[in-house]
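The structure that follows is given in the form of structure tokens.
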Ligand code: DI6
Ligand code: FE
């Protein structure tokens, strides 16, 4: 490593003589990887939804709870009521779980504020988490996550508010790197989401979209045609959507934690994505309703056991493909000369073994931008 970058990679015996005088460190464990990247989280939120989970165990569906005014709206109420400091503190506990497993970069969405002031509060909390923890944080504005109760029956009026007031405000304050939305029959249509994403693009934000999680709305195709960095969930995506993603270089972010926790049965079309060479990332989707998950290693295991990814695809999913999903592929995600030295080392002897255990944590240490962290 030279400063914060990787200077050379290879077998020790091939080390050029020019490096003879450089400091050497021998790391414990058998494997060095890029630090892991969680490219889709809603880790900042107020309250929890444990009682909603119990209702689902007794037979209520996620969709029914949402239509009855619970679900995301319950977390919106709790998040609006929480102070910024409270949001930072509760999210920090979840972030620390991820860091303990080699996390170096995380994406954090807003989307539980649904008014300008509360969305900004969430995004400021996310930025504070990045400064306090030393982990690289990328933020996504998710104002079009759910229809606030006050706009019941007037979704287009709410979309206008997102486009005309909220997006310009978060961009002006420098709080958002990217823009996301929930394109679903219980949220917003592809036409409504197009309006939001087009505005975001004109303001210079990267684009991503929750698409085809519970039904096929054509959101993935629409977002890919706008040049989205990622489309996420994708259980119900069809071949037109996958093709559009392949053409645009859009990353498929798979979220097996939500599939598992909601007891879904329709899997994303992995074989089709492989055929079209769409890069596949894996993320926790950490959120209180559909995926209260704070382990990327378990996410990788679920990607293999539930979706049929290979263990090596799972590792690429939380490194190389996850970096691409955040638009950071030229700096992060692989061990290559010139990339940022964000590294994790592990007590395993084969890359495929990271995804293998359930509940074990073989992480032994981390290097962030060339600095040792123990
Ligand atoms: N899809 C999800 O998986 C999360 N948001 C979304 O649009 C769930 C959010 C929640 O239930 O609180
Ligand atoms: Fe999500």
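Could you tell me the distance between the Cα centroids of the stretch 99-127 and the stretch 305-351, to the nearest Å?
Result: 22 Å between the Cα centres.
Using a Förster distance of 30 angstrom, determine the FRET efficiency expected from the C-beta separation of residue 85 and residue 50, and round it to 0.05.
So the FRET efficiency works out to roughly 0.85.
Please state the shape class of the stretch 76-157: rounded when a/c is under 1.5, otherwise prolate if a/b exceeds b/c and oblate if not, all from the C-alpha gyration tensor.
Taking the square roots of the gyration eigenvalues as a ≥ b ≥ c, the stretch 76-157 is prolate.
While we're here: Tell me whether the stretch 36-173 comes out rounded, prolate or oblate; compute the Cα gyration tensor, take square roots of the eigenvalues as a ≥ b ≥ c, and use a/c under 1.5 as the rounded threshold.
Judged from the Cα gyration tensor, the stretch 36-173 comes out oblate (a/c at least 1.5, b/c at or above a/b).
Please find, in a Gaussian network model of the chain (springs between Cα atoms separated by less than 10 Å), the residue of 236, 45, 260 whose mean-square fluctuation is greatest.
Comparing 236, 45, 260 in a Gaussian network model of the chain, the most mobile one is 260.
Quick one: if you stick a label point 7 Å off each Cα along the C-beta vector at residue 201 and residue 164, how many nm between them?
2.3
Working from Cα positions, state the angle (0 to 90°, nearest 10) between the long axis of helix 72-81 and the longest principal axis of the chain.
80
Which angle from 0 to 90°, rounded to the nearest 10, does the C-alpha axis of helix 296-307 make with the longest principal axis of the chain?
It works out to around 70 degrees.
Also, I was wondering about something else. Out of the DSSP beta bridges found with both residues in the chain, what percent are antiparallel (nearest 5)?
Expressed as a percentage, antiparallel bridges in the chain total about 35.
Report the gain in length on full extension from residue 243 to residue 173: 0.36 nm times residue separation, minus Cα-Cα distance, nm rounded to one decimal.
On the way: separation 70, 0.36 × 70 = 25.20 nm, distance 3.59 nm.
Between residue 243 and residue 173, full extension yields an extra 21.6 nm.
Based only on the alpha carbon positions, what is the Kirkwood hydrodynamic radius of the stretch 158-210, in angstrom? Kindly include the intermediate steps, with their values, before the conclusion.
Details: mean 1/r = 0.0906 Å⁻¹.
About 11.0 Å, per the Kirkwood formula over Cα pairs.
Where is the GNM fluctuation largest for the chain (alpha-carbon springs, 10 angstrom cutoff): 217, 117, 192?
Fluctuation is largest for 117.
Cβ neighbours within 10 Å, averaged per peptide: list 125-132, 204-211 in order, most packed at the top.
Per-residue mean Cβ counts within 10 Å order the peptides as 204-211, 125-132.
Taking only Cα atoms, what is the 0 to 90° angle, nearest 10, from helix 239-248's long axis to the longest principal axis of the chain?
50
How far is the Cα center of the stretch 264-288 from the Cα center of the stretch 181-236, in Å?
16
Normalising by the residue count of the chain, find the relative contact order in percent from Cα pairs under 8 Å and 6+ residues apart.
Rounded, it is 22 percent for the chain.
When all alpha-carbon pairs of the chain are counted, what percent fall beyond 40 Å?
Beyond 40 Å sits 11 percent of the P(r) for the chain.
If you take the square roots of the eigenvalues of the alpha-carbon gyration tensor of the stretch 99-224 and sort them as a ≥ b ≥ c, do you get rounded (a/c under 1.5), prolate (a/b over b/c) or oblate?
prolate
State, to one decimal in nm, how far the label point of residue 275 lies from the label point of residue 2, with both points 7 Å from Cα in the Cβ direction.
4.6
Next question, about the same structure. With a 10 Å cut-off between alpha carbons and a GNM built on the chain, which of 118, 284, 215 moves the most?
Evaluated over the chain, the most mobile residue of the options is 215.
Restricting to DSSP H runs of at least four residues, report the calculated mean residue ellipticity at 222 nm for the chain, -39500 (n - 2.57) per run over all residues, nearest 500 deg cm²/dmol.
Helix-only estimate at 222 nm: -10500 deg cm²/dmol.
Please quote Rg/Rh for the stretch 208-311 to two decimal places, taking the Kirkwood radius as Rh and restricting both calculations to Cα atoms.
0.94
Laboratory data are not the source of any read-out in this text; all were calculated from the coordinates shown. Given the structure is predicted, the values throughout are model-derived calculations rather than measurements. Every residue, glycine among them, receives a Cβ derived from its backbone with ideal geometry; neighbour counts consider all protein chains shown.
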